[in-house]
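The structure that follows is given in the form of structure tokens.
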Amino acid sequence: MRASVAGSLALLLLCPLAPTGAEDQPKKKLEFQYSSGEIQIPIPTADEPKVARFDAESVRAAARYLDEGAIAWTREKGCVACHTTGAYLLARPMLTQQLGKPNEEVLAEFIRTIPEEVPATREENGVTYAPLVERAVWRTAALVQWDKHVTGKLSEHTDRALRNLLMQQSSHGGFYARGEVEIPYVTTDFELTLHAVRALVDAPGWLASVTDPELLARIDRLKTFLRESEPRNDYERVLRIELATLLPELVTPDVRAASIDLLWSKQRPDGGWSTRSFSDTENWRTPMSDTVVNLIRGLPDAADPESDAYMTAFAITLLRQSGVPADDERIRRGIAWLKREQRASGHWWMHSLYRGNYHFTTYIATAKAMQALAMCDELPTL
């Protein structure tokens with residue numbers, strides 16, 4: 001990694017992809033997005049052909065891409081990564097009915113990495129935070145989804161992860177998102193905190209069972225942080241839709257309605273949504289590195305960003321959570337966009353808005369697309 005950004009990138013990806021000093025080595029041509037033993041998944045490209053038809057076989061290919069990518073990352077990297085294993089265990093358990101049980105090897109790695117102690121805090125920009133709290137959020141959120149959708153009951157390790165997570169709360173009441181990551185996945189403190197709250201709410205029976213005064217106080221502080229945070233861009237405004245689903249008391253009916261209207265207004269003529277239309281380039285987070293800003297500005301469609309798989313799928317999931325029926329004509333247009341945009345290898349292509357090399361956002365987008373299709377009863381049972 002380049003020395004000027006190595007510190008933040010190690011946290012953003014949640015594990016380094018290159019050793020310090022890599023800037024002094026000849027650039028190696030990248031071949032695989034994921035590679036481990038017989039698993040060799042080429043780096044996605046924009047020119048890969050689209051599927052001839054969206055059907056059971058294309059869904060099977062998408063499931064294989066998700067499963068193998070997560071297994072390869074677990075075996076070769078051995079860490080929790082929001083862009084791969086985190087995305088996998090957050091979405092894949094929800095698809096158990098359609099695709100079968102998620103991979104237990106990935107689950108075992110998440111359980112193994114639950115820390116025994118709360119790490120010592122650090123301070124940055126006036127906020128006290130726990131180092132690598134992103135890992136704690138994603139680990140916990142993933143374990144919760146396994147319990148909710150696979151076993152149907154709270155496990156001891158998930159309970160331990162939830163308690164450990166709350167003890168890593170940042171001084172402002174939420175969770176501190178340090179550095180950039182795959183835009184828009186965990187770009188700000190609000191988004192990272194929302195992922196954490198989803199874990200608290202979705203954990204089977206957990207929130208109602210908490211009696212410890214310190215944990216209750218921390219939960220109240222989380223709620224206050226989310227209620228009082230001013231949205232920095234339209235992406236955070238539409239995130240209020242999910243917050244209203246999880247904790248309705250934190251979002252007024254007017255704000256919820258305005259957020260839904262805003263999301264509808266962003267739908268493009270082709271039926272999809274574009275991630276980059278939800279924020280000015282410089283305002284995804286503070287500060288934005290020149291590397292990321294220049295990458296986004298340099299994309300061919302920078303002046304009029306095209307629909308992309310992540311935001312199209314995410315918009316559909318938000319709208320379905322808010323009660324919009326799957327047969328709504330506008331939802332159907334979004335579903336049609338997803339079906340025709342799947343690539344022949346199974347994934348949904350999306351250019352990384354972070355570094356533009358491994359395109360891990362393609363993995364995130366594929367996980368989210370499968371979730372959106374399932375929420376609209378568009379996935380066959382394999």
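The values are calculated or read from the model by the stated rules, or taken from the named source; none is laboratory data. Bear in mind the structure is a predicted one, so any value in this text is a computation, not a measurement. When we count neighbours, we look across all protein chains shown, and the Cβ atoms used for this are built from the backbone with ideal geometry, even at glycine. With ligands, DNA and RNA removed, areas are computed over all heavy atoms of the protein, side chains included. Shrake-Rupley method; radii C 1.70, N 1.55, O 1.52, S 1.80 Å.
Among the helices of the chain (complete DSSP H runs), which have Cα atoms covering no less than 30 Å along the helix axis and a Kyte-Doolittle mean of at least -1.0? Working shown, then result.
Values: long enough: 56-77 (31 Å, -0.55).
Qualifying helices, which must be both long enough and hydrophobic enough, are 56-77.
Sticking with this one: So what is the relative contact order for the chain, in percent, with contacts set as C-alpha pairs under 8 Å and at least six apart?
Numbers: 595 pairs, mean separation 81.3, N = 382.
So the answer I get is 21 percent.
Let me check something: with ligands and nucleic acids excluded, how do M288, M375 order by accessible area (1.4 Å probe), largest to smallest? Working shown, then result.
Working: M288 35, M375 55 Å².
The most accessible residue leads, giving M375, M288.
Follow-up. Per residue, how many Å² of accessible area does the chain show with a 1.4 Å probe?
Numbers: 15920 Å² over 382 residues.
Each residue of the chain exposes 42 Å² on average to a 1.4 Å probe.
Another question, if that's okay. With only Lys, Arg, Asp and Glu charged, each at its Cβ (+1 for the first two, -1 for the last two), find how big the charge dipole of region 166-284 is about the Cα centre; round to the nearest 20 debye. Intermediate results must be reported in sequence, preceding the final value.
Working: 13 positive and 19 negative charges, 23 e Å.
For region 166-284, the charge dipole is close to 100 debye.
Follow-up question, since we're still on this one. Among T224, T151, T361, which one moves the most in a GNM of the chain with springs linking Cα atoms closer than 10 Å?
Among T224, T151, T361, the largest mean-square fluctuation in the Gaussian network model of the chain belongs to T151.
Please give, to one decimal in nm, the separation of the simple spin-label points placed at R340 and D280, each 7 Å out from Cα toward the Cβ.
3.5 nm
For the chain, set up a GNM with springs between Cα atoms under 10 Å and report which of A208, A63, A313 has the largest fluctuation.
A208
Another one. Please compute the contact order of region 291-375 in relative form: average sequence separation of alpha-carbon pairs under 8 Å and at least six residues apart, divided by the residue count, as a percent. Don't skip to the end; give the middle numbers.
Working: 83 pairs, mean separation 34.4, N = 85.
It rounds to 40 percent for region 291-375.
Among S265, P93, L246, whose Cα lies farthest out toward the positive end of the dipole of the chain, if unit charges sit on the beta carbon of Lys, Arg (+1) and Asp, Glu (-1)?
Going by the charge dipole, the pick is P93.
Using a Förster radius of 51 Å, what is the FRET efficiency between L382 and L299 based on their Cβ-Cβ separation? Nearest 0.05, please. Walk me through the numbers on the way to the answer.
Working: r = 35 Å, r/R0 = 0.68.
So the FRET efficiency works out to roughly 0.90.
Carbon-plus-sulfur fraction of the accessible area of region 143-229, 1.4 Å probe, in percent? Display every interim value, and only then the final one.
Values: 1550 of 3010 Å².
Looking at region 143-229 in its full context, I get 51 percent from C and S.
Tell me, what is the 1.4 Å probe accessible area of D254, in Å² to the nearest 10?
Using a 1.4 Å probe on the heavy atoms, I get roughly 120 Å².
What does the charge add up to near R221, with Lys and Arg as +1, Asp and Glu as -1, over the other residues with Cβ less than 12 Å from its Cβ? Intermediate values should be presented prior to the final figure.
Numbers: positive: R218, K223, R227; negative: E214, D220, E228.
Summing Lys and Arg as +1 and Asp and Glu as -1 gives 0.
Might you report the magnitude of the Cβ-based charge dipole of the chain about its Cα centre, with Lys and Arg at +1 and Asp and Glu at -1, to the nearest 20 debye? It would help to have the intermediate numbers written out before the result.
On the way: 44 positive and 52 negative charges, 70 e Å.
Approximately 340 debye in magnitude.
In terms of modelled amide H atoms, which long-range or inter-chain residues lie less than 5 Å from the amide H of F32?
Hits under the 5 Å cutoff: I43.
In nanometres, what is the gap between the two model label sites at E306 and A120, each 7 Å from Cα along Cα-to-Cβ?
5.0 nm
Next question. Measure off 7 Å from each Cα along the Cα-to-Cβ vector at A217 and D202, then give the distance between these two points in nanometres to one decimal.
3.0 nm
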